[in-house]
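Encoded as structure tokens, the structure appears first; notes follow it.
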Amino acid sequence: MGITKLSLNPRITVRTSAAPDPEGKCVVYWMQRAQRALDNPALDTAVELGNELGKPVVAFLAPAPFCPHANLRHYSFLASGIPDIAEDLSRRNVGFVLRTYPDHSLIKFCEQVGPAIVIGDENPLREAERWRVRASQQLSVPLWTVDADVVVPSRLLGKEHYAARTIRPRLQELLPQFLSPRRAVKARIPWKKPRTLQSLSAHDDHTARWSLERSVSPVENWQGGTKQALRILTEFVNRRLQDYPEDRNHPELPGTSRLSPYLHFGHLGPLTIAHAVLAASAPAAAKQAFLEQLIIRRELSVNFVRYNSHYDSFVCLEPWADRSFAQHSADRRPILYSEEQLEQAETHDPLWNAAQKQMVLTGWMHNYVRMYWAKKILEWSPSVATGYQRAIWLNDRYELDGRDPNGYAGIAWAIVGKHDRPWFERPIFGQVRYMSYASTSKKFDSHQYIEKVRQLEASHV
Ligand SMILES: Cc1cc2nc3c(=O)[nH]c(=O)nc-3n(C[C@H](O)[C@H](O)[C@H](O)COP(=O)(O)OP(=O)(O)OC[C@H]3O[C@@H](n4cnc5c(N)ncnc54)[C@H](O)[C@@H]3O)c2cc1C
């Protein structure tokens, strides 16, 4: 495929329209979000370009310690995925250079290796987009970025969608075009690292030296990396996918895939998961229920963050919710907790406390209790704005999959009714859907869930 044809791929954004520098010595893949060498459209683009230009390809990964709300818990997970990246890249003849703060500059790296072009991957969050804009202004060679972590390129949706029911038909229409498996093409010209070029070893634990926010400890129950993600995927597809429609709303059971941290860090791509699910022997209804979450709900979240600049503030709300909250802003709030009480799981509600502890102790919370957890934060906070910020802060701080479009969309759904519809009027919530301990407990065995978390807590003491 020619370079011009490649640049027209809807997954690719050409940030600088100039042609690749014919004098360039290589193609650089600036790996940020898609931290894998398998099913990675950004890496595939770099390899295709390298082969077309007759140049080697090198991936550059430089985790910076100042990602907002990220702490030792997140960086430890990220670091545990690095050996798989190095190994899988070398199988594709692609070089790997790992650096860290204060040597994390892409621009300096490019000055050292002299690329013909730089290919980056995309993440709809505003800080990452700012870095890409700055890089495109500072690089002396073209920068293209690739929407590598969604099945359907998010730009094809064109605008913010109102709900799953509006985005679903559009995604379903586009899916046949983007669901085909990707071939892991090898770089024809292997990368040879210049002897003087500095790179850290992919196998050392560098987090000890990284200057990080260290107040949240790593979680031993999670191991990052593509290999581990594939093991979890295989186990889920073989043993639990068939019961997914019934079990997915039961936090007391191991019913869901628990792949969200791997998707968040890009250790696994959504297409790999979708293909494993489609190839499974599970009933069609189970596959459909799972793909509804993996593709429709997840890509609705990406759409929300890409097209709504207020994605992490209550200001993202729809006019009906705005009007409704305005009518209820003076409502009496009989139970109020401070941020510290919430963080320490010191409320009167054993289910909420269990959910908070599951998140703090294990770095993950079940979807059904996440909904309840966020709605109670609204109920127990002095205002919608405060409740919203508290939910984002706790979610981003403790969940391994936090700081993700799914988190911002999930909190927006729970607290301000985003992607939902108006329900019956009630105090504090107005027309935003309400959940109570009694109604939630009817859906699953809340005692068993609370007991499970209690045992978990005992094992952590
Ligand atoms: C208040 C609240 C906060 C949330 N915070 C996050 C977050 O920080 N990060 C995060 O990844 N998800 C978040 N979610 C969405 C959802 O809870 C998780 O994606 C899911 O629980 C992850 O577990 P799993 O991988 O076992 O999911 P599975 O049920 O196995 O689903 C497979 C994949 O589909 C996607 N998915 C599943 N449910 C949803 C959903 N409701 N919306 C969008 N995508 C979904 C996820 O990528 C998930 O990994 C939040 C939801 C709510 C209500």
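The values are calculated or read from the model by the stated rules, or taken from the named source; none is laboratory data. The structure displayed is predicted, hence computed values, not measured ones. No Cβ is skipped: glycine too gets one built from the backbone with ideal geometry, and neighbour counts run over all protein chains shown. Note: areas computed on protein heavy atoms with side chains; ligands, DNA, RNA excluded. Shrake-Rupley method; radii C 1.70, N 1.55, O 1.52, S 1.80 Å.
A few points about this structure:
- The residues of the stretch 109-158 that are of a type in the set (A, V, I, L, M), surrounded by fewer than 24 Cβ atoms within 10 Å (Cβ to Cβ) and closer than 19 Å to residue 22 by Cα, listed by number, are 113, 116, 139, 141.
- Among helices (runs of 4 or more DSSP H) entirely within the stretch 229-291, having at least 1 residues that are in contact (Cβ under 8 Å) with a residue 60 or more places away in the chain singles out 260-264, 270-279.
- Taking the listed residues 429, 424, the one that is of a type in the set (Phe, Trp, Tyr), more than 8 Å from the ligand (Cβ to nearest atom) and open to solvent by less than 10 Å² (accessible area, probe 1.4 Å) is 429, with no other qualifying.
- Extreme residue, nearest to residue 369 (Cα to Cα), among residues of the stretch 404-421 that are near the ligand (Cβ under 7 Å from one of its atoms) and open to solvent by 20 Å² or more (accessible area, probe 1.4 Å): 410
- Whether a residue is near the ligand (Cβ under 9 Å from one of its atoms), open to solvent by 10 Å² or more (accessible area, probe 1.4 Å) and modelled with pLDDT of 95 or more was assessed, and residue 300 does not pass this test.
The rows are residues; the columns are (1) in contact (Cβ under 8 Å) with a residue 40 or more places away in the chain; (2) basic (Lys, Arg); (3) in a helix (DSSP H, G or I).
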position: 370; (1), (2), (3): yes, yes, yes
position: 377; (1), (2), (3): no, no, yes
position: 403; (1), (2), (3): yes, yes, no
position: 412; (1), (2), (3): yes, no, yes
position: 421; (1), (2), (3): yes, yes, no
position: 447; (1), (2), (3): no, no, yes
position: 451; (1), (2), (3): no, no, yes
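- Residue check for residue 64: more than 17 Å from residue 131 (Cβ to Cβ), open to solvent by 10 Å² or more (accessible area, probe 1.4 Å), assigned by TED's automatic domain parsing to the domain that holds residue 140 and in contact (Cβ under 8 Å) with a residue 12 or more places away in the chain: no
- Number of positions in the stretch 214-264 that are of a type outside the set (Lys, Arg) and within 13 Å of the ligand (Cβ to nearest atom): 27
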